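The values are calculated or read from the model by the stated rules, or taken from the named source; none is laboratory data. Here the structure is a predicted model, which is why all the values come from computation and not from measurement. Virtual Cβ from ideal backbone geometry, glycine too; neighbours counted across all protein chains shown. When the accessible area is computed, the model is the full protein with side chains, heavy atoms only, and any ligands, DNA or RNA have been set aside. Shrake-Rupley method; radii C 1.70, N 1.55, O 1.52, S 1.80 Å.
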Amino acid sequence: MASPPHLLTLADLSVKQLKSSLTHAAYLKRVSLPILQPRPHGSYTLFPPKTLSDKTIALLFSKRSTRTRLSAESAAHLLGGHPMFLSSADIQLGVNESLQDSARVIGGLVDGVFARVGDHSEIVTLAQHSPVPVLNALSSLWHPTQILADLLTLLEHLPSPDPLPTAPISSISPGHSIPADAVPGDLPPKLDFDVLKGLTISWLGDSTNVLHDMLVTYPRLGAKVRVAVPKEYPCPGEVWDRVVQLGCDKGIDWSDDPLRAVEGADIVVTDTWVSMGQESEKAARLRAFAGYQVTEALCKQGGAAEDWKFLHCLPRKPDEVDDGVFYGKRSLVWEEAENRKWTIMALFEYVPPFFLLVGCASWSWS
């Protein structure tokens, strides 16, 4: 039997596939938002097609999670599937049974695997031995679902001659409303991917899995990436090899200078400085990242664009970004978090690993 396709990083997808999955995520969001609003008891409404009906998706989470778990469970449910959450307390991958054997057993009992693991080697092993598609929810090296959510957020909020009518999930978010024409059966809304061309996206912080998927994605969509990371924490060689392989290194400026990184920045991004499992390094890391906190003053001194916006995958620590930016008008973090649901939903239904599961023949992927 041929090995099923897997998605471990956005480097695995072509530019056309990236755009197609984002367009589908926007469509699912547009169709689903009216369904999620309060409505009179017994009122009739159309739901998205139950393309995961009778399918079970194993959510293997060896790390704590808020956004990824909530997004995955609710996304699978909306598509009619059964999300089976398995934490380290329920099933310990590689404990009392090899990871290789666990992959074969789990894959024989479910239709797809969405795995949030520790070391990247764990999801590689899962993919190598699983008889069903494996999608990377997070590993030590890559975080593909986060960057898709970031991209959808930027496409919704950056100025465009033909903007996408959008509304966040939360009905209490100010300044937004549900599009009147958001009804099932609409064609996917047009996304203006040209707004990404020439965009300067700046990163201040550690060389984390979030940054790594940024590096293999944004340059291919025409954006420039400016990075500031302390010399003590360089980009892993395995990641940089993929960056170079895709020709993305030509669109990246890498230094250890936060002021240099935010020069001309349209978007400023950061992440945790101390990831789960690095708690013993906290004191050393806080010293190394002194001067990297995202603030209005730093971005002004470095020459960021006047209307720059801010992204953070969450959870946030005040050392990484001050309250003024995080809770201020520049912040898109809440919209970014909400878009995790729609992009994961699109991956479940549309990206090749799960595309084969649900048989969405009406959608053109290639």
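Over the range 42-144, accessible surface divided per residue gives 45 Å², non-protein components excluded, 1.4 Å probe.
For Lys317, the lysines whose Cα comes closer than 21 Å to its Cα, not counting residues fewer than 8 places off in the same chain, are Lys63, Lys282, Lys309, Lys329.
Counted residue by residue at 0.36 nm each, then reduced by the alpha carbon distance between them, the extension gain from Asp249 to Ile91 reaches 52.9 nm.
Under 19 Å of direct C-alpha separation, and excluding same-chain neighbours fewer than eight residues apart, Lys55 reaches these lysines: Lys341. Using the average count of surrounding beta-carbon atoms within 10 Å as a protection proxy, the listed peptides 275-281, 116-122, 134-140 rank, highest first, as 134-140, 116-122, 275-281. Amide hydrogen proximity for His82: with H placed 1.01 Å from N in the peptide plane, the residues at 5 or more positions away or on another chain lying under 5 Å are Lys55, Thr56, Ile57. The label point for Leu70 and the one for Ala290, both projected 7 Å from the Cα toward the Cβ, are 3.6 nm apart.
For the range 281-296 versus the range 95-137, the spacing of their alpha-carbon centroids is 35 Å. Taking 15 Å as the cut-off, the amide N atoms of the range 200-237 that come nearer than this to a point 7 Å along the Cα-to-beta-carbon line of Asp257 belong to 226-231.
Largest accessible area first, the listed residues Glu296, Glu306 line up as Glu306, Glu296 when surface is computed with a 1.4 Å probe on the assembled protein chains. Note on Ser98 and Ala297: the model spin-label points, each 7 Å out from Cα along the C-beta direction, lie 5.7 nm apart.
In the range 73-119, carbon and sulfur make up what percent of the accessible area (probe 1.4 Å)?
The computed percentage sits at 47.
Arrange the peptides 195-206, 12-23, 321-332 so that the one whose residues have, on average, the most other Cβ atoms within 10 Å appears first.
195-206, 12-23, 321-332
Per-residue extension of 0.36 nm, minus the Cα-Cα distance of Lys197 and Ser160, leaves a gain of 12.1 nm for this segment.
Give a quick list of trypsin sites (Lys or Arg not before Pro) in the range 219-271 that DSSP marks as loop, anything other than H, G, I, E or B, with at most 12 other Cβ atoms within 10 Å.
Working: sites: Arg220, Lys224, Arg226, Lys231, Arg242, Lys250, Arg260; in loops: Lys231.
Those that pass, being in a loop and sparsely packed, are Lys231.
Modelled spin labels at Ile35 and Ser53, positioned 7 Å past Cα toward Cβ, are 1.2 nm from each other.
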